[in-house]
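In what follows, a single structure is set out as structure tokens and then discussed.
Quick note: the coordinates plus some simple rules give every number you see, no bench work behind them. In this text, all values refer to a predicted model and were calculated from it rather than measured experimentally. Cβ placement follows ideal geometry from the backbone for every residue including glycine, while neighbour counts extend to all protein chains displayed.
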Amino acid sequence: MTFRSLFARPLGQRGGPPVRLAAALAVALFLAASLAPTVAQAQVSTTAVPFLRIEPDSRAAGMGNTGAALADDANAIWWNPAGLGFQEGAEVGITHSNWLPEFNTNLFFDYLVGKYHVDGVGTFGGQLAFMNLGEHEQRDNEGVEVGDFRSFDLATGISYGVTLGERFALGTGARAIYSQLASNVANIDGTAFAFGVDLAALYRTRPFALGGVETTVSAGANLSNMGPTIDYDRSTEEEDPLPQHLRFGAASTFAFDQYNELTVAVDFGKLLTNTETTEVGDGDDEGDESDTRREVDPFYEAIFSAWGSKNRLDNGEVVGQVSPLQQITVGGGLEYWYDQLFALRTGYYYENPDFGDRQFLNFGAGLRYNIVGVDFSYIFPISGNDPLANTIRISLLVDIPGASSGADSAGAE
């Protein structure tokens with residue numbers, strides 16, 4: 001018995017086999033948000049700790065999940081750490097979201113971030129992400145309740161960005177990840193530790209006149225969560241990959257006058273994991289399920305092997321292929337600022353119907369006064385019964401004047 005097959009019954013449900021969680025319940029409960037079911041699906045690679053892919057700030061989340069080319073505040077740590085290189089000063093921020101409110105599961109996501117500039121060296125950042133997966137009942141093989149346990153995911157890390165010349169920046173980051181899906185259930189540990197690394201780049205033009213409007217264009221890319229597999233059950237050889245992800249995008253900001261500014265942004269994303277599942281047995285006893293074996297490509301191989309086609313399934317049968325292009329997500333958004341005091345945002349996020357099928361509109365708003373900024377975002381799904389429906393994020397950003405050698409963003413020239 002593996003950790004993956006051990007947990008699968010939502011807690012609180014009476015009777016049957018022991019509680020089963022795994023990369024099923026804790027992951028399945030909110031992976032439903034990222035891999036919504038369709039009639040005909042692709043053979044999507046399941047990753048561990050998918051909370052690392054939750055967009056942690058309300059500003060970019062209100063613009064269709066676009067941030068690879070913006071990255072102009074402390075949240076650049078997640079979107080594109082190279083953006084830190086264009087920033088000075090010090091800033092802290094926090095985001096809170098009740099996750100999957102349609103499920104009424106009391107899941108929530110919290111994110112704490114900060115940056116600090118060192119003159120002549122670059123800008124450093126730190127982050128702490130916490131995903132609460134709730135409290136669950138633990139049962140024995142007879143279905144008798146034997147206790148409760150809590151599940152959660154936690155990640156903390158540091159980032160660094162530096163400019164190479166005036167217009168180009170490089171960034172990197174590293175994070176430690178701790179995941180507790182269960183606590184000593186059926187003599188299986190149920191906890192795991194891993195680490196991931198990010199590499200990023202960002203290019204930003206000088207302001208130039210376009211039709212009489214001052215314009216700035218930027219382009220960036222971030223390869224995140226590169227690292228070894230994560231293992232919840234050390235008694236087996238089965239492991240899960242981290243959600244290694246490539247994000248790249250572009251943005252243009254148009255300053256019409258001293259009061260009115262519009263930003264247009266677009267991001268593309270691709271999950272860079274590759275797993276192969278093979279059947280290795282038909283079960284020894286009547287009613288037993290067939291055993292399967294999963295082979296996970298190392299992260300450095302998956303950077304290339306993940307670009308292959310995936311099987312398209314219908315009721316377990318292969319009915320076609322999903323091309324690499326169809327596996328790429330697309331987000332686009334707009335942001336309007338009035339006098340750098342008040343912002344309105346909207347965006348659209350698209351995932352191919354045969355590869356996750358997340359499609360929704362984003363709406364958001366922001367306020368800036370003195371050293372304090374508050375942002376809000378809301379998800380409006382295009383398809384019905386979407387678990388992400390009515391998801392709200394609220395973020396707070398606070399500048400810390402005089403905490404480092406610079407007080408303003410170097411990119412705001």
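Residue-wise HN-Hα couplings along the range 76-82, as the Karplus relation 6.51 cos²θ - 1.76 cosθ + 1.60 with θ = phi - 60° gives them from phi, are 4, 3, 8, 6, 6, x, 4 Hz; Gly and Pro carry x.
Computed over neighbours whose Cβ is under 10 Å from that of Glu214, the net charge equals -2, Lys and Arg +1, Asp and Glu -1. Here's the picture: a label point sits 7 Å out from the Cα of Asn260 along the beta-carbon direction, and within the range 324-341 the residues with their amide nitrogen under 13 Å of it are 336-339.
How much length is gained if the chain between Glu102 and Glu237 is pulled fully straight, taking 0.36 nm per residue apart and subtracting their Cα-Cα distance, in nm to one decimal?
Roughly 45.0 nm would be gained on extension.
Given the peptides 118-129, 350-361, arrange them by the average over their residues of other C-beta atoms within 10 Å, most packed first.
350-361, 118-129
Over the range 197-253, the ratio between the Cα radius of gyration and 2.2 N^0.38 Å evaluates to 1.91.
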